[in-house]
Amino acid sequence: MEKKMKKEVSEVCTMDGAVDMHGHPAVRDRTGNWVAGILILVNQGLATLAFFGVGVNLVLFLTRVMGQDNADAANNVSKWTGTVYLFSLLGAFLSDSYLGRYATCALFQLIFLIGLVALSLSSYIFLLKPKGCGDAKFHCGSHSSYHNAIFYVSIYLIALGNGGYQPNIATFGADQFDEGDPNEGHSKIAFFSYFYLALNLGSLFSNTILDYFEDNGLWTVGFWASAGSSAMALVLFICGTPRYRYFKPSGNPLPRFCQVFVAAMRKWKVKVLEPEEELFEGEEFSTNYGRKLLHTQGFSFLDKAAYMTTKDVKKMEENKCNPWHVSTVTQVEEVKCILRLLPIWLCTILYSVVFTQMASLFVEQGDAMDTRISSFRIPPASMSSFDILSVAAFIFFYRRVLDPFVARKTNSRGLTELQRMGIGLIVAIMAMISAGLVEHFRLKYASKGCNNNCDEGSGSGSSSLSIFWQVPQYVLIGASEVFMYVGQLEFFNGQAPDALKSFGSALCMTSISLGNYVSSLLVAIVMKISAKDQDMPGWIPGNLNKGHLDRFYFLLAVLTSADFLIYIAWARWYKYIKFQGNNDDEEEEEDINKVKDFDLKV
């Protein structure tokens, strides 16, 4: 009897409704927590290594192997990277609605692996011709439309696989921790920081070892290494199947959203005197779609969708209630939640425009600088290693120093996610100013009459300014990521309703996507306006010595400053989501009020 009682005590189920692989309530000690979390973190590191093994040098592959100029290559990389994260919406929709997060992660990782294998084969068989081409000295010849098509199908399969996988693996990892348990709730917050750290550490190998091979023309070695890493990530992910916690998909959310707007429009002329007393909340909603949401002020016209008229009450008594006539409070609050998130999300897009320069214009800028250390040439793309090291350092600085310091000074739980995102915008402005100053001095020390690739094989570039002057801009970008992207992951995941958790993570990825598209559009507009003649071919020409890349960086600093001011206004307007039965709501609201003036003081 004593052994049986101990077993019952040890087999406490989670409080968040998670299930195990057999569909039974998840036992806290036998599922999830850091055992599953670490498997997912390692999976993320390997998958990121595979992705950046392609992405980090794609701009150089396009110029050296595919024969594109700098502006076209930068635009194509921006479009491709944007498409990667745009596919995150597809992955989130399938996950939340039909497949669940585990099946969606496994499916898109398989697609990702197929794309990497196809790219490796096509590069070896078709693209790297004549043999030995693709390095700094020897660019490849032209390719047929058939070979180009195979290349683009391969890289967009990689985009589809990685894009659909990314938002779901972040949310699936967070699913392994029960918010209802204080210890696991704290671990869930820490998971997002370590998740972003794993992402960056995974890319460190790509940005150093693989980057070195690819920069020296060994593209197939780099691509096959990426494919192998992706295969290991998929195998590791499947091995953790018995240990994971799962949440059942909640069905297509679009009809629920449409029902709210239709029901509100039907009652457009209805006068609601005391809405909270007359609002409808169906008991079955909590079972099917997660925790109930409490009513909040704002968007009062939507409250009419849940208002019970005399006619609705009568139909309810007859069990004839039509969801297109009356919605639940939770349905209405889901719509309110998304409407409140959108302005914050829009303000993060311009930050992503800044972030995407690291994979395109930063690389081209570095390629035109002195990359030599004695007889060794530093691959320009490998400078992003300083970004990765900066991310690792600032994650620990934030968690161990800054956040506890702010918590003591404000007598709260530290910086809110919105405040951290605001700090990220400020640091991003500093990064663009730094990049602009470096480019100004690079032009000052540029060799007269020398193109970008002047003496490229020796690493002397077209300027005597050392590539190590780029270190500050990479470090600042890394610091801004810790505040912006980790804050985004926590914010959008925490503020999304239970039935839309993957969608919340996808919002973070989609802001990166649109940032890449906006960057591509901005480059095209700047080139159209600034290009005059051969002596002034635009701010970002093929020969950077004839352009003014510094002005483009300063333009981004000005635009980001304006975006920061708009962001502060929306952040102060935002109302946090409230779940029924969450005892932390009042405490969280109090913490927000205590540090609400922090944004303006910064």
Among Cys105, Cys13, what's the order by accessible area (1.4 angstrom probe), most exposed first?
Cys13, Cys105
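Where does the stretch 348-448 land on Rg/Rh, using Cα atoms and the Kirkwood Rh?
Numbers: Rg = 17.5 Å, Rh = 16.1 Å.
Rg divided by Rh gives 1.09.
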Which of the helices in the chain meet the span-like rule: DSSP H, Cα axial reach of 24 Å or more, Kyte-Doolittle mean at least -0.5?
33-55, 70-94, 101-122, 145-174, 182-205, 219-239, 329-347, 417-444, 471-495, 501-530, 549-573
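Figure the gain on full extension for His440 and Met265 (residue separation times 0.36 nm, minus the Cα-Cα span) and round it to one decimal in nm.
On the way: separation 175, 0.36 × 175 = 63.00 nm, distance 5.71 nm.
So the extension gain works out to 57.3 nm.
Within the P(r) computed for the chain, what percentage of the Cα pairs occupies the region above 43 Å? Present the calculation step by step, with values, prior to reporting the outcome.
Working: 46261 of 180901 pairs.
Cα-Cα pairs of the chain separated by over 43 Å account for 26 percent.
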Around Phe177, under 11 Å between beta carbons, what's the net of Lys plus Arg minus Asp minus Glu among the other residues?
-3
Protection proxy ranking, peptides 390-401, 198-209, average beta carbon neighbours within 10 Å, highest first
198-209, 390-401
Report, for the chain, the % of DSSP beta bridges that are antiparallel, rounded to 5.
90 percent
If I model a spin label at Ser300 and Phe405 as a point 7 Å from the Cα along the Cα→Cβ vector, what separation in nanometres do I get?
4.4 nm
With a Förster radius of 41 Å, plug the Cβ-Cβ distance of Met308 and Ala569 into 1/(1 + (r/R0)^6) and report the FRET value to the nearest 0.05.
0.70
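Using a 1.4 angstrom probe with every protein chain in place, what is the largest-first accessible-area order of Trp539, Trp469, Trp570, Trp345? Write down the numbers at each step before the final one.
Numbers: Trp539 55, Trp469 150, Trp570 100, Trp345 35 Å².
In descending accessible area the options line up as Trp469, Trp570, Trp539, Trp345.
Under a Cβ-Cβ cut-off of 12 Å, what is the net charge of the residues other than Val56 that fall near it, where Lys and Arg count +1 and Asp and Glu count -1?
Numbers: positive: none; negative: Asp211, Glu214, Asp215, Asp387.
Summing Lys/Arg as +1 and Asp/Glu as -1 gives -4.
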Please compute the modelled spin-label separation between Val558 and Cys13, points set 7 Å along Cα→Cβ, answer in nm with one decimal.
6.1 nm
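Rounded to the nearest 20 Debye, what is the dipole magnitude of the chain about its Cα centre when Lys and Arg each give +1 and Asp and Glu each give -1 at the C-beta? Intermediate results must be reported in sequence, preceding the final value.
Working: 52 positive and 57 negative charges, 146 e Å.
Rounded to the nearest 20 debye, it is 700 debye.
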Using the basic label-point model (7 angstrom from Cα toward the beta carbon), what is the Leu339 to Ser142 distance in nanometres?
5.6 nm
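Can you order the peptides 232-241, 217-226 by their average number of other Cβ atoms within 10 Å per residue, highest first?
217-226, 232-241
Which value at 222 nm does the chain reach when only helices count, each DSSP H run of 4 or more adding -39,500 (n - 2.57), with the total divided by all residues and rounded to the nearest 500 deg cm²/dmol?
Numbers: 25 runs with 381 residues, N = 602.
Calculated mean residue ellipticity at 222 nm is -21000 deg cm²/dmol.
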Probe of 1.4 angstrom, ligands and nucleic acids ignored: what's the accessible area per residue over the stretch 469-543, in square angstrom?
30 Å²
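The values are calculated or read from the model by the stated rules, or taken from the named source; none is laboratory data. All values derive from a computational prediction rather than experimental measurement. In this analysis, Cβ positions are derived from the backbone assuming ideal geometry, glycine residues included, and neighbour counts consider all displayed protein chains. Heads up: the accessible areas ignore ligands, DNA and RNA and are worked out on the full protein's heavy atoms, side chains in. Shrake-Rupley method; radii C 1.70, N 1.55, O 1.52, S 1.80 Å.
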